[in-house]
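Trainee: First the structure, then my questions, so here it is.
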Amino acid sequence: MSSTSSANAPSAGVPSSSAPSTAHEGLLAAARRQVGGLLRALVTPSYPATPLFSQSPRRWLRRMPYGVAMVLTAILVPSSAQALSDYGESGETATLIAVAQTTPLLLAVTRPLQAWWIAILANVLGAVMVLNPGMENRIWPWLPAGIVTYLFLMLALALREPRPALVAVWLVTGGAGLALGTGVTSRSDNSGVLLFVLSGVVLLIGGALRERGDVQRRLAEQKTISEAERAHRTLLEERTRIARELHDVVAHHMSVITVQADSAPYRIDGLPPDAEREFGSIAATARESLAEMRRLLGVLRSEETRGERAPQPGLDQVHQLIEATVRAGIPTELTIADAVAALGPLPQAVELSAYRIVQEALANVVRHAPGAATRVSVSAAGDPAALTVLVVNGPPTGVPTTPLETTGTGHGLVGMVERVRLVGGMLDTGPLPEGGFRVAARLPLIDLDEAS
């Protein structure tokens, strides 16, 4: 048994050939993948029909590639045809090859990869056809006009195609120059090397510019998305804040309903048993609604808003905003019309909205118009009656001496719009011709459903 085991076991010191074979196969597979990727890049345009600079905001920049292509084509076709004629080609053949070498410039504006295929084949064909063994001096593999055309195509490709396509084009360029420049001329010819180096430089610079433009475009798109998301988040935060504030208003009304329903049997003599049960049911429903509202408020509150326990302000607290604004270096006047007091108790939602609108408007004055004279007026008029809040400030004249003690919610006009929508009112804001800013809000004193 021992001899069998030793015979089957690999001999010590003899390396196994499986590991090198596996590594060799892995390298071959990786090389095949790279070559396949380069070949696919040569036949797969990134943007087949999008003109160069089509996304530019300037009209002249969008039209520039067309003008450059037409001018170069008009110049290079005759010069290329003349060069081919000088090397013994007939006029018709020279013109045909010259057109094939230069007219791809017109296609390069929208389809540079397809234009490159036409140009490379035309230049190779032209170089092969003009090789005349009987001539003492033979033609360059790449004519000067062909080099200019080719470099323009390289620039168009670099501004459009990704890196794999550019690498593949560059390698094909070098291979074509090496094949045409070796063994076909009687003297040393460096045009293939020159084109290989120049095309590499153009591809490198153009690719860097394209990638830089792509990065800037993505950053601009991301900035636009971020601004939209920030505006949406601000709107949701303001609506959540309004919902939290309205909890106190609604909770007060529900508490009054509960107390009145519970005390009705004691305040009203001779109530029938059915009425007492009805009042009891109303009180129970009101208490259940209050409990549900407390749960909802717990969901709406965040860690930053745990301290919002104070009663919601109203028009009686507007004078405190005026005093704080004056201490901040803003000369401010407050006018509340007698008609407002004659209306009696106002809806709490209207008073809260009016207070918050004045608060936000004054906070904006302190931040954006230091030292501006400001007027705040509250009036009531119309049928049906509506509360009008007007805050007007002049142009800024200085820097506030002390910070504003009672600031707004930080959401500015977004918060004002939501406050006005809450009560079904209207808001008008905008700059004044002589400088300054105006905020005018109209808050109906009755529900829209009742008004209709």
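The values are calculated or read from the model by the stated rules, or taken from the named source; none is laboratory data. Quick caveat: nothing in here was measured; it's all calculated off a predicted structure. Virtual Cβ from ideal backbone geometry, glycine too; neighbours counted across all protein chains shown.
Trainee: For Thr401, are the conditions met, namely being at pLDDT below 80, assigned by TED's automatic domain parsing to the domain that holds Arg438, assigned to a loop (DSSP other than H, G, I, E, B) and closer than 25 Å to Ala349 by Cβ? First the steps, then the outcome.
Mentor: Working: at pLDDT below 80: yes; assigned by TED's automatic domain parsing to the domain that holds Arg438: yes; assigned to a loop (DSSP other than H, G, I, E, B): yes; closer than 25 Å to Ala349 by Cβ: no.
So Thr401 does not fit the description; no.
Trainee: Something else: Can you tell me which of Met293, Met254 is in a helix (DSSP H, G or I), modelled with pLDDT of 75 or more and either out of contact with any Pro (no Cβ under 9 Å at 6 or more places or on another chain) or surrounded by 15 or more Cβ atoms within 10 Å (Cβ to Cβ) (or both)? Give the steps one after another, and end with the answer.
Mentor: Numbers: Met293 fails: modelled with pLDDT of 75 or more.
That would be Met254, the only listed residue that is in a helix (DSSP H, G or I), modelled with pLDDT of 75 or more and either out of contact with any Pro (no Cβ under 9 Å at 6 or more places or on another chain) or surrounded by 15 or more Cβ atoms within 10 Å (Cβ to Cβ) (or both).
Trainee: Mind listing just one residue for me: the one in the range 373-390 that is aliphatic (A, V, I, L, M) and modelled with pLDDT of 90 or more and, of those, surrounded by the fewest Cβ atoms within 10 Å (Cβ to Cβ)?
Mentor: Checked the range 373-390; the qualifying residue surrounded by the fewest Cβ atoms within 10 Å (Cβ to Cβ) is Ala373.
Trainee: If you scan the range 325-383, which residues turn out to be of a type in the set (Ser, Thr, Tyr), out of contact with any Lys or Arg (no Cβ under 6 Å at 6 or more places or on another chain) and not in a strand (DSSP E or B)? Even if it seems obvious, please write down each step before you answer.
Mentor: Here is the first cut: in the range 325-383, the residues of a type in the set (Ser, Thr, Tyr) are 325, 332, 335, 353, 355, 374, 377, 379.
Then drop every residue that is not out of contact with any Lys or Arg (no Cβ under 6 Å at 6 or more places or on another chain), which leaves 325, 332, 335, 355, 374, 377, 379.
Across the range 325-383, the qualifying residues are Thr325, Tyr355.
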